[in-house]
Amino acid sequence: MTFLYGSAQSRLSLSKRAGSIVQFGSVRLSTLEDGPGRGVRILDFNTGGGLRFTVNVDRAMDIGEFSHNGRAIGWHSATGTRHPAFNDQSEDNGVGWNRSFSGFLATCGLDHILGPEDVSGETYNHASQLRVKQGLHGRIANTPARLSGYGECWHGDTCSLWAEGIVTQATLFGEVLTLHRRIEVGLGSNTVRVNDSVTNDGSVSTPHMLLYHVNLGYPLIDSGTQYTAPVKSVIYATHAKGGLAAQGVGYRTCPDPITGFTEQVWQHDMAHDAMGMVPVVVANHRQSLGLMMETHAPQLPCAYQWQNFQSGHYVMGVEAATHHVKGNNFARDRGEMIWLESGECRNYSVQFSVLDGEEQIANAENRVSTIAQQPDSDYPEPTNKFRSLYQATEI
């Protein structure tokens with residue numbers, strides 16, 4: 001059954017009440033016609049349950065806007081939704097990615113994540129590319145998708161809103177990596193599922209890295225907003241050398257916007273439940289609004305928390321990744337780079353659930369606490385112990 005407007009509805013009962021399902025929820029394709037986003041195709045999802053979000057087809061099918069009952073959950077930077085043609089990865093000393101960085105979900109990869117690095121070009125088989133300069137967070141977020149389909153679909157008495165697309169990152173002499181993405185949400189539901197597969201469609205072994213950069217803004221992020229996760233310990237913090245408490249912001253609680261705030265990135269060592277799931281909850285109790293993100297630990301064994309509480313930016317990122325925060329060369333040196341052979345595929349999934357009201361927030365936070373009790377201190381000392389990834393017993 002479909003739960004809508006406070007009651008259970010069947011396909012028949014809804015068909016008696018309207019001539020088209022789009023009266024209750026829909027997926028609609030449009031194109032931005034002005035500003036730096038002109039020409040970008042957008043899929044508008046309206047679930048009928050209060051959740052609305054957009055999928056930026058021409059930006060790797062990432063999620064741009066994300067709101068519930070008119071309250072923003074996703075974050076936007078001053079760049080807004082920018083057409084990928086304007087992106088230059090090499091700009092600003094390799095962090096040109098930031099000039100197009102905006103929205104709820106930014107996918108990072110497919111062969112590089114994290115900061116700019118000079119890495120081996122051994123797989124390029126070309127004399128001019130013995131070394132390769134990788135820009136911040138890779139290329140995939142600025143690559144348009146080929147839209148496979150979208151719409152509303154009934155399965156018995158359950159209606160799904162969905163979209164699928166294929167995003168190809170390719171170059172002559174180098175990688176040919178294909179991201180197949182399906183985004184799905186039930187009619188009346190506040191839970192979105194993103195199912196991805198990454199395939200090496202080239203002929204040579206190719207490095208692969210992936211990161212889901214989930215960006216949360218006001219009013220979900222506000223003074224007092226709580227971060228709750230099954231954190232066993234903190235592995236690493238970018239600001240540790242300057243003193244974890246130097247800016248007065250720990251990992252558990254968000255502050256008001258701070259002029260001059262310098263970003264902080266934590267890597268947490270997460271526990272998971274019996275099914276391998278890692279739930280992370282961000283909750284604003286004053287708004288009775290929250291978000292739970294769920295990932296699968298064998299797929300995405302690394303978890304980061306990004307805090308950029310600078311006035312005018314004001315965002316917190318919840319991130320799940322295939323590799324440790326120290327990046328590409330670190331993974332290669334430790335033998336932890338994922339190498340996809342020709343035709344090989346890896347699957348990933350991430351789920352987002354809006355928490356509407358204190359009961360839903362409490363249930364989600366209690367679920368986290370049954371997995372692990374996170375550190376009580378706002379400033380837990382990093383262990384700097386990066387556990388081994390991708391041993392013979394992994395996925």
Completion exercise
In a Gaussian network model of the chain with springs linking alpha carbons closer than 10 Å, the residue among Thr158, Thr191, Thr54 that fluctuates most is Thr158
Exercise for the section: Report the net charge of residues surrounding Asn69, where surrounding means a beta-carbon distance below 13 angstrom and charges are Lys +1, Arg +1, Asp -1, Glu -1. Expected result: +1
Problem - Calculated percent of Cα pairs over 32 Å apart (choose from (1) 29; (2) 34; (3) 52), label - result: (2)
Problem - Hits among aspartates and glutamates - C-alpha to C-alpha of Lys241 under 20 Å, sequence gap 8 or more where chains match - result: Glu263, Asp269, Asp378, Glu381
Handout entry: Proportion of all alpha-carbon pairs of the stretch 186-288 beyond 16 Å (%)
Key = 73 percent
Problem - Fewest-first sequence of Asp44, Asp34, Asp58 by Cβ atoms within 10 Å of each Cβ - result: Asp34, Asp44, Asp58
Fill in the blank from the handout: GNM of the chain, Cα pairs under 10 angstrom: of His68, His324, His126, the biggest fluctuation goes to His126
Practice task
Express in whole angstrom the spacing between the alpha-carbon centres of the stretch 320-334 and the stretch 218-295.
Solution key: 21 Å
Exercise for the section: Could you run the Karplus curve 6.51 cos²θ - 1.76 cosθ + 1.60 with θ = phi - 60° over the stretch 101-114 and give me ³J(HN,Hα) per residue in whole Hz, x for Gly and Pro? Expected result: 8, 6, x, 5, 10, 10, 7, 10, x, 9, 10, 7, 9, 6
Handout entry: Computed helical MRE - 222 nm, the chain, DSSP H runs ≥ 4 contributing -39500 (n - 2.57), nearest 500
Key = -2000 deg cm²/dmol
Handout entry: Protection-proxy order for peptides 203-211, 145-153, each taking the mean of Cβ atoms within 10 Å per residue, highest first
Key = 203-211, 145-153
Problem - Size of charge dipole - the stretch 20-371 - debye, nearest 20, with Cβ of Lys, Arg +1 and Asp, Glu -1, no other charges - result: 280 debye
Problem - Label-point separation, Ser369 to Ser128 (7 Å along Cα→Cβ), nm - result: 6.1 nm
Practice task
Determine ³J(HN,Hα), in whole Hz, for all residues of the stretch 230-245 in sequence, where each value follows from phi through the Karplus function 6.51 cos²θ - 1.76 cosθ + 1.60 and θ = phi - 60°; x replaces Gly and Pro.
Solution key: x, 7, 7, 6, 8, 7, 7, 9, 5, 9, 4, 5, x, x, 4, 9
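Throughout, read-outs are computed from the coordinates displayed, never taken from laboratory work. None of these values were measured; they are calculated from a predicted model. Ideal geometry is used to build each Cβ from the backbone, glycine not excepted, and the neighbour counts take in all protein chains shown.
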